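*Asks:* Here it is: the structure, laid out below.
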Amino acid sequence: MKREWWKESVVYQIYPRSFYDSNGDGIGDLRGIIEKLDYLKELGVNVIWLSPVYQSPNDDNGYDISDYQAIMAEFGTLADWEEMLDGMHRRGIKLVMDLVVNHTSDEHPWFQESRQSKDNPYRDWYIWRPAKDGREPNNWASFFGGSAWQYDDLTGEYYLHLFSRKQPDLNWENPQVRTAVYDMMHWWLQKGIDGFRMDVINMISKVPGLPDVPATTTDSYQFGGAHFINGPRLMEFLREMKQNVLSHYDILTVGETPLVTTQNGIEITHEETGVLNMLFQFEHMDIDADKGGDGARRSIRSWSLLELKQIMSRWQKDLEGKGWNSIYLSNHDQPRAVSRFGNDGRYRTESAKLLATFTHMLQGTPFIYQGEEIGMTNVAFDAIEDYRDIETLNLYRELTGEKGIDPQTVISLLHAKSRDNARTPMQWDDGPNGGFSSGQSWIKVNPNYQEINAQQALADPHSIFYYYQQLIRLRQQYPVIVYGTYDLILSAHEQIYAFTRTLDEERLLVMLNFSADTAVFALPPHISFTDHNLLIGNYKVGATEDIRLLNLRPYEAQVYRLW
């Protein structure tokens, strides 16, 4: 297996709108990031993934871009961005930018031209179709509710938008579109960035003809993923991108790829023949949604540790020696990990440390989402008026309106699943607005900021923050954590997730009690060793601990080196 800096890195995701506001307008900004770089340096991360800061009307919080080579005014200027990049590089931190090229904003000049007339030179830069039988060209549903098609009066045709109606899909079949995207990527790379996170990149190839999908529900519009996810020309387009752009730079590339299999993952990230370094897969993110449902955020169910083990182990073993994965439990689109996979009440600190141990001890590049390192939790807004996310608001209207579901039932679903759980402001201290802003923040701060904040974490040597710092240092110290093979043990245990990591003569044993009860760990007899030492744990452990048989306390994590 090749040794690569991006395999050895730990990535920290900044959602700039919610990170730190430097000027009191209630919106996080680039100068706010600059002010907090020393905090990130102390944490020990060596890559930052920055969610979009490009010019945007903000229909989907910056994922609707109207100018790829300009900075959104409320975030600052290009000069601020350059100062931020320089500040990161001086601290040994690399910058990965968000690449959003499945779609643009409807306010992008390309689209403004495209909609002017059917013979406009930019017409074919987007996906236009005439009506079919007096209505939309097909029955595809948008991810954000309703039809994936929007009628435009100017030319009397519909354009495709898999997300918001203000996010028209680019037509990747058009080579001019691809060339323009590659030129833009070169522009940013030549400014010194260190890679791209590629938004829904496996949706850029659509099945020719854009056919209807068979109805599986009584809804007017149906999920059409079979016709636009992992489409027929996806790998061709990505190989062209690699040849024209990516191969010219030493960078980190990670693709956001919903509904991929491990075989897709190997093809995309293969060490020799792949196109990207790593990807985000979502199987474990769908673990608490109804099977066969119409979206992970539209339903909730209890999940089992056995299912989590099966999913993660399959990805670990199938990609072993072939591809590479990202390891994450949180991001700007997902609920807070400690509320979802841990215990955000009595055992918040212990379970946050357990989840950190889990993500940093698997093979793959770990991603930390802002606030995860201090154990931030979901927010339970009681009123729909407090939510800001377009998907959340559309879902509430659909479920309470069209489907007649009781509003309180829907609010309870949002408490668990809304994307705004991850987007409440970073909690810096126990002052007004959690120290995020001196003004009224764009979305309310989680009320628990007085107990959970970075100032408190930095003052407590046993905090979640310093536990993350310790994990990151261990990763730098022990190559087995990065490059070792993964083997699951105790696969049928309903409370404990345990595995080994092995690299040559180096071996680690990882034990994680994913429950609020004591769990008995019995080491399988085939794992023999002469001696052992504790690398990290989230409880105090006695020096004479017999690891062949022990009781793991609620949400206890222990990692041992064996020899």
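The values are calculated or read from the model by the stated rules, or taken from the named source; none is laboratory data. All figures in this text were calculated on a predicted structure; none of them were measured in a lab. Heads up, the Cβs are rebuilt from the backbone with ideal geometry, glycines too, and the neighbour counts pull from every protein chain shown.
*Asks:* Of everything in the stretch 366-398, what is assigned to a helix (DSSP H, G or I), closer than 17 Å to G342 by Cα and among the hydrophobic types (A, V, I, L, M, F, W, C)? Give them in sequence order. Quick ask: steps written out before the conclusion?
*Replies:* Applying the first criterion (assigned to a helix (DSSP H, G or I)) to the stretch 366-398 yields 372-374, 384-386, 390-398.
Next cut, closer than 17 Å to G342 by Cα only: 372-374.
Matches in the stretch 366-398: I374 only.
*Asks:* Search the stretch 9-21 for residues that are under 18 Å from I374 (Cβ atoms) and of a type in the set (V, I, T) and pair each with any residue that is at pLDDT 95 or above and part of a strand (DSSP E or B) when their beta-carbon atoms are under 6 Å apart and the residues are at least 6 apart or on different chains.
*Replies:* V10/P366; V11/V47; V11/W49; V11/F367; I14/I48; I14/L50
*Asks:* OK, next. Tell me which strands (runs of 3 or more DSSP E) are completely within the stretch 1-92 and hold 1 or more residues being farther than 27 Å from S463 by Cβ and modelled with pLDDT of 95 or more, or say none if there are none. If you could, list the steps in order and put the result at the bottom.
*Replies:* Working: elements: 11-14, 47-50, 67-71.
Filter on the stretch 1-92 gives 67-71.
*Asks:* While we're here: Check off (1) touching a residue at least 24 places away in the same chain (Cβ under 8 Å); (2) within 17 Å of I496 (Cα to Cα) for E307 and give me the number that stays unchecked.
*Replies:* (1)
*Asks:* Restricting attention to the stretch 501-550, which residues are touching a residue at least 40 places away in the same chain (Cβ under 8 Å) and β-branched (V, I, T)?
*Replies:* Keep residues of the stretch 501-550 that are touching a residue at least 40 places away in the same chain (Cβ under 8 Å), which gives 501, 505-516, 535-536, 538-539.
Correct list: V510, I536.
*Asks:* Before we move on, is K166 surrounded by 20 or more Cβ atoms within 10 Å (Cβ to Cβ), of a type in the set (D, E, K, R) and either more than 26 Å from the chain's Cα centre (by Cα) or closer than 18 Å to I390 by Cβ (or both)?
*Replies:* On the way: surrounded by 20 or more Cβ atoms within 10 Å (Cβ to Cβ): yes; of a type in the set (D, E, K, R): yes; either more than 26 Å from the chain's Cα centre (by Cα) or closer than 18 Å to I390 by Cβ (or both): yes.
Yes, satisfied.
*Asks:* Going by the conditions given, is R501 surrounded by fewer than 21 Cβ atoms within 10 Å (Cβ to Cβ) and either modelled with pLDDT under 95 or touching a strand residue (DSSP E or B) at 6+ places or on another chain (Cβ under 9 Å) (or both)?
*Replies:* Numbers: surrounded by fewer than 21 Cβ atoms within 10 Å (Cβ to Cβ): no; either modelled with pLDDT under 95 or touching a strand residue (DSSP E or B) at 6+ places or on another chain (Cβ under 9 Å) (or both): yes.
No; evaluated as a whole, the condition is false for this residue.
*Asks:* Another one. Do you know which of the residues in the stretch 324-349 that are part of a loop (DSSP other than H, G, I, E, B), closer than 20 Å to G364 by Cα and polar (S, T, N, Q) is farthest from the chain's Cα centre (by Cα)?
*Replies:* Filtering first and then ranking leaves N325.
*Asks:* I'd like the full set of residues that are touching a residue at least 60 places away in the same chain (Cβ under 8 Å), part of a loop (DSSP other than H, G, I, E, B) and either among the hydrophobic types (A, V, I, L, M, F, W, C) or not assigned by TED's automatic domain parsing to the domain that holds L50 (or both), limited to the stretch 254-288.
*Replies:* L276
*Asks:* Might you check whether a residue that is in a helix (DSSP H, G or I) and either under 25 Å from L329 (Cα atoms) or not assigned by TED's automatic domain parsing to the domain that holds Y221 (or both) occurs anywhere in the stretch 427-436? Full working, then the answer.
*Replies:* Taking the stretch 427-436 first, the residues in a helix (DSSP H, G or I) are 432-435.
When the remaining residues are screened for being either under 25 Å from L329 (Cα atoms) or not assigned by TED's automatic domain parsing to the domain that holds Y221 (or both), the result is 434.
Checked the stretch 427-436: at least one residue is in a helix (DSSP H, G or I) and either under 25 Å from L329 (Cα atoms) or not assigned by TED's automatic domain parsing to the domain that holds Y221 (or both).
*Asks:* List, please: which pairs have Cβ atoms under 8 Å, are six or more places apart or on different chains, and start with a residue in the stretch 176-187 that is over 13 Å from D124 (Cα atoms) and end with one that is polar (S, T, N, Q) and modelled with pLDDT of 95 or more?
*Replies:* Between residues of the stretch 176-187 that are over 13 Å from D124 (Cα atoms) and residues that are polar (S, T, N, Q) and modelled with pLDDT of 95 or more, the close pairs are Y182/N244; M184/Q69; W187/Q69.
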